Each structure stands twice: as structure tokens, then as C-alpha cells.
Amino acid sequence: MPTFRNLTEDLMAADDTIVALQTKLTSFQARSPEQGGDGEEEKTEWLRTWLLAHGIADLELIRAPDTRVTSGSRPNLIAKIPGETQETVWIFAHTDVVDAGDRSAWTHDPWTVHREGDWLFGRGVEDNQQALVSTLILADALQRLGIVPRRTLGMVFMADEESGSAHGLGYVLEKRPELFSAKDIYLVPDFGSPDASVIEIAEKGACWYRIECTGKQCHASTPEKGVNAFVASSALALAVSEELPKLFSKSDPLFSPPVSTFVPSMPLTVTQGINIVPGKAIFHLDCRILPEIDETEVKKALENIAGDIARRYSVAVDIQTVQMQKASRAALNGPGEKVLKEAISAVYGNSPRLRGLGGGTVAAHLRHKGIAALVWSCITNTCHEPNERSSITATKKDSCVFAHMLDSTQ
Ligand SMILES: [Zn+2]
């Protein structure tokens with residue numbers, strides 16, 4: 001009868017399978033329409049066929065309608081391998097990748113996996129195919145060795161993560177909320193650290209605004225005839241970057257930086273010409289807000305500051321919300337925390353610590369449903385960069401961590 005030890009030995013010998021899987025998965029160029037692609041259809045269909053061929057037959061395809069792609073929908077694939085109990089370790093991996101960006105910045109073709117020793121290079125190999133491949137080799141090994149794990153393995157291969165998840169996990173949670181029980185264990189391996197010691201448990205809210213000041217354009221030699229929107233816009237950018245941090249000064253050591261941040265960004269040039277008093281000026285504001293702070297209070301404060309500037313400079317200020325992503329925090333000591341920490345320590349020999357993140361993962365969608373999702377993996381965070389890379393060793397070890405979570409008696 002194969003044992004847990006046989007399972008981890010099998011995973012640690014999966015080098016060739018990892019290279020083959022990464023090579024195939026990368027070749028699909030599964031970009032969303034926002035990223036100039038045709039979605040995840042081919043990649044997910046290949047995945048589905050691979051799972052079936054490897055004996056994993058408990059599959060459910062959840063299609064989010066999307067007329068922008070050839071297939072007419074964005075595929076989300078759920079797969080399960082039953083354990084001794086119904087209690088499930090859910091692992092989430094997104095199938096979409098971002099565009100390769102500037103080709104000249106890549107040493108090799110981004111869509112053809114290139115290997116140098118332990119490293120695989122290519123778009124998507126780290127984000128999020130390392131997680132995908134770690135999960136696949138585990139599923140394959142369980143089937144091949146005929147091991148029934150203590151817990152059930154639940155796999156969610158999602159579309160549309162890079163562009164907001166409305167056709168991905170957001171859709172799955174809306175259509176099939178009954179799939180996920182708050183008692184289960186949830187792992188999103190889509191952020192991490194090179195030493196595998198960081199578990200992300202909370203995310204700041206990400207609220208983005210477009211702020212447009214309108215004055216009156218005129219010739220720069222007679223500025224008294226106009227109202228300089230650029231000057232007003234600059235005063236507003238300065239005011240928000242100075243006043244909002246004072247108004248929302250709460251601090252939380254879980255995060256780095258520990259405070260909420262308010263960054264004026266992406267100023268847009270409306271008028272061309274040095275001899276013109278600009279009648280319009282636009283900038284954006286990127287706010288990263290701690291979970292303890294109410295996003296609507298930030299918006300109100302922003303509107304108050306804008307009102308002051310509008311009166312003082314005789315301009316009109318229009319504020320549009322570009323994105324309002326609420327902060328999220330998983331409850332401490334949730335069902336998965338101890339299990340994950342113990343599994344990481346067993347495989348990587350470290351003592352993992354909890355932290356918060358300024359960016360966002362799909363864990364926020366789960367946490368907003370009351371699910372204590374944790375984010376962890378062993379990666380160097382080269383996602384979205386040229387020469388994105390993934391370690392074969394880390395892929396194998398991450399898979400061993402997942403295996404430990406399935407087997408743990410915690
Ligand atoms: Zn990702």
C-alpha cells in the first residue's frame with residue numbers, strides 16, 4: 001500500500017512532468033480580451049482532457065458568458081479527488097496570463113519555455129502556472145499511486161484573474177456558492193516569497209479615482225482672461241497627498257507600509273502648447289486602504305478637499321470612481337492557518353509568518369464571502385515582468401506542502 005512518504009518522493013521526482021506541463025501551458029498564450037487575447041478556452045480544454053486522461057473524472061465546467069471571445073464564454077474548471085472525509089483543501093490557480101509586453105526585454109521567446117538549470121522562463125510560468133503545475137502533479141501522483149488522502153482535494157482553475165475575475169472566481173462564487181464551505185481550507189498560491197515564509201492573510205482595499213479639473217483656456221500672455229486648471233489640479237494633488245494620510249492615519253504592522261497610501265498618479269495632458277493656459281487637467285488617485293478603514297469615508301474626504309480647491313481656484317472638479325475594491329482580511333486562527341503553517345515548516349524547514357498585502361488576489365473574493373482564504377507560495381515575484389521565471393524545485397516543494405495539508409491530522 002503506497003504511503004504518504006511514497007507520495008512526496010514521487011512529487012520530488014516530477015521534474016520532467018513539470019517541464020512538459022509548463023511548456024504546453026505557456027504555448028496557449030491565454031490572455032483575456034483586455035490583454036489582447038482570446039481567453040482561456042484552449043488552455044482549459046487541454047487541462048480538462050489531461051485531467052481525464054490521468055484518471056481525474058470529477059470535473060465541473062462553469063462557463064461565464066463573454067461575447068468578446070471566439071468561444072463565447074470564459075471557462076472555469078473545478079476538479080475533485082475524494083479523500084477519507086468531505087473536508088476539502090481547495091487550491092486555486094488562474095489560467096489566464098498577462099501579455100508579454102516589450103519583446104525586446106525578453107532574452108528568449110516569452111511563449112516558448114526556456115530552461116536554465118532549475119529555472120524555467122516564459123510568460124505565465126510563475127503567475128500562475130507554478131501553482132497550476134504543483135496542483136496537477138499532486139493530482140496525478142495521488143491517482144497513479146492509488147492514495148486516498150485524509151482530506152478531499154478541490155482544485156479550481158479560474159479564468160479572468162488578471163482583469164478583475166468577473167468572468168472567473170467572481171462568477172463561480174455567484175453561480176455555485178454552495179461549492180465552498182466555510183469549514184474547508186482555502187489556499188491561493190498566487191503571491192509569496194523566495195524563502196516560502198510569508199502567508200498573506202489580508203489585503204488593502206484598492207480604490208482608484210479619475211479627477212478632472214475644468215477651468216478656462218486662454219493665451220498664456222493674458223492669464224487673467226482664463227482659469228488655469230493645471231494649477232488647480234496641482235494644488236488638489238498636493239492637498240490630497242498631504243491631507244488624506246493625516247485623516248486616515250491608522251496603522252497596522254501586518255502591512256508594509258503599515259499605513260494606508262494615497263498616491264496621485266497618471267497625470268494626463270489635455271492641451272498641447274506652452275503658450276496656452278490649460279482649461280482642463282486630469283490626474284488619477286491610487287488609494288490603498290487598510291481593512292479597518294471604510295472606503296466610503298475616504299471618498300467623502302476626497303470630495304471635501306476637492307470642494308475646497310474648486311472654490312479657492314474657481315474651477316469645477318469632477319471625480320469618477322475607476323475601481324472600488326474593498327479590503328479583505330481572513331479571520332486569525334481560521335481553519336487552514338495551523339494546517340498550512342505546519343505543512344510549510346515540514347517541507348521548507350522555516351517558521352512562516354502572517355502579513356498583509358497592498359495588492360489584490362482572488363482571496364479577497366473568498367474573504368468577502370466569509371471564507372478564511374490564505375495566500376502562499378514559494379516564488380521570486382517575477383510575475384508580469386520580462387523573463388518571468390519559476391523554480392522546478394519550488395514547484396515540487398509547493399506540491400509537497402499541498403500534500404501535507406491533505407494528510408495533516410490538525
Ligand atoms: Zn496571478
- [ ] Could you work out, for segment 66-115, what percent of all Cα-Cα pairs fall into each 5 Å distance bin, beginning at 0 Å and stopping at the bin that holds the largest distance?
- [x] 4, 12, 13, 14, 13, 15, 13, 8, 4, 2, 0
Task: Nearest-10 value in Å² for the accessible area of K326, using the 1.4 Å probe - done: 110
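Where the eigenvalues come from the Cα gyration tensor of segment 1-82, what are the semi-axes √(5λ) of the equivalent ellipsoid, largest first, in whole Å?
30, 16, 9
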- [ ] For N304 paired with Q323, estimate the spin-label separation in nm (one decimal), with each label point 7 Å from Cα along the Cα-to-Cβ line.
- [x] 2.7
- [ ] Taking the chain as the reference, fit the longest principal axis to its C-alpha atoms, fit the long axis of helix 229-247 to the helix C-alpha atoms, and give the angle between the two in degrees, 0 to 90, nearest 10.
- [x] 50
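Order K175, K246, K341, most accessible first, counting only protein heavy atoms with a 1.4 angstrom probe. List each step's numbers first, then the result.
Numbers: K175 105, K246 155, K341 60 Å².
Reading off the accessible areas and sorting them downward yields K246, K175, K341.
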- [ ] Please identify, among I309, I201, I137, the residue showing maximal mean-square fluctuation in a Gaussian network model of the chain using a 10 angstrom Cα cutoff.
- [x] I309
Task: For V148, solvent-accessible area (1.4 Å; no DNA, RNA or ligand), Å² - done: 90
- [ ] About the Cα centre of segment 70-191, how large is the charge dipole given +1 on each Lys and Arg Cβ and -1 on each Asp and Glu Cβ? Please answer in debye to the nearest 20.
- [x] 520
- [ ] Please tell me the relative contact order of segment 1-116 in percent, rounded to the nearest whole number, where contacts are Cα pairs under 8 Å and at least six residues apart.
- [x] 27
TODO: Would you mind computing, in nm to one decimal, how far apart the modelled labels at S71 and S249 are, each placed 7 Å from Cα along Cα→Cβ?
DONE: 5.3
Task: Folded to 0 to 90 degrees: helix 337-348 orientation relative to the chain principal axis, Cα - done: 70
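Test of understanding: what is the full-extension gain from R353 to A53, defined as 0.36 nm times their sequence separation minus their Cα-Cα distance?
104.1 nm
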Open item on the list: Once you keep just the Cα pairs under 8 angstrom separated by 6 or more residues, what percentage relative contact order results for segment 205-325?
Closed with: 45
Open item on the list: Can you compute the label reach from D118? Point 7 Å from Cα along the Cβ direction, backbone N cut-off under 15 Å, restricted to segment 156-200.
Closed with: 193-197
- [ ] Would you work out if segment 205-325 is rounded, prolate or oblate? Take a ≥ b ≥ c from the square roots of the eigenvalues of the alpha-carbon gyration tensor; rounded if a/c is under 1.5, else prolate when a/b is larger than b/c, oblate otherwise.
- [x] prolate
Task: Accessible surface, 1.4 Å probe, highest first, among residues T112, T393, T361 - done: T112, T393, T361
TODO: May I ask which of K204/K246; K250/K341; K24/K175; K183/K369 have a Cα-Cα span longer than 22 Å here?
DONE: K250/K341; K24/K175
Open item on the list: Take E292 and R210, extend 7 Å from each Cα along the Cα→Cβ direction, and tell me the distance between the two endpoints in nm.
Closed with: 3.4
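How big, in percent, is the set of alpha carbon pairs in segment 364-410 lying more than 15 Å apart?
63
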- [ ] Work out the charge dipole of segment 66-174 with +1 on the Cβ of Lys and Arg and -1 on the Cβ of Asp and Glu about the Cα centre, then indicate which of A79, W106, G124 is farthest towards its positive end.
- [x] A79
Task: Rg/Rh (Cα only; Kirkwood hydrodynamic radius) as it applies to the chain - done: 1.05
Task: Degrees, to the nearest 10: 295-313 long Cα axis against longest axis of the chain - done: 20
Task: Relative contact order of the chain, pairs being alpha-carbon contacts under 8 Å that are 6 or more residues apart, as % - done: 24
Task: Potential lengthening between R312 and A331 on full extension [0.36 nm per residue; Cα-Cα distance subtracted] - done: 2.3 nm
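The values are calculated or read from the model by the stated rules, or taken from the named source; none is laboratory data. Please read these numbers as outputs of a predicted model, since none were measured by experiment. Virtual Cβ from ideal backbone geometry, glycine too; neighbours counted across all protein chains shown. Note: accessible area is taken over every heavy atom of the protein model, side chains too, but ligands, DNA and RNA are not part of it. Shrake-Rupley method; radii C 1.70, N 1.55, O 1.52, S 1.80 Å.
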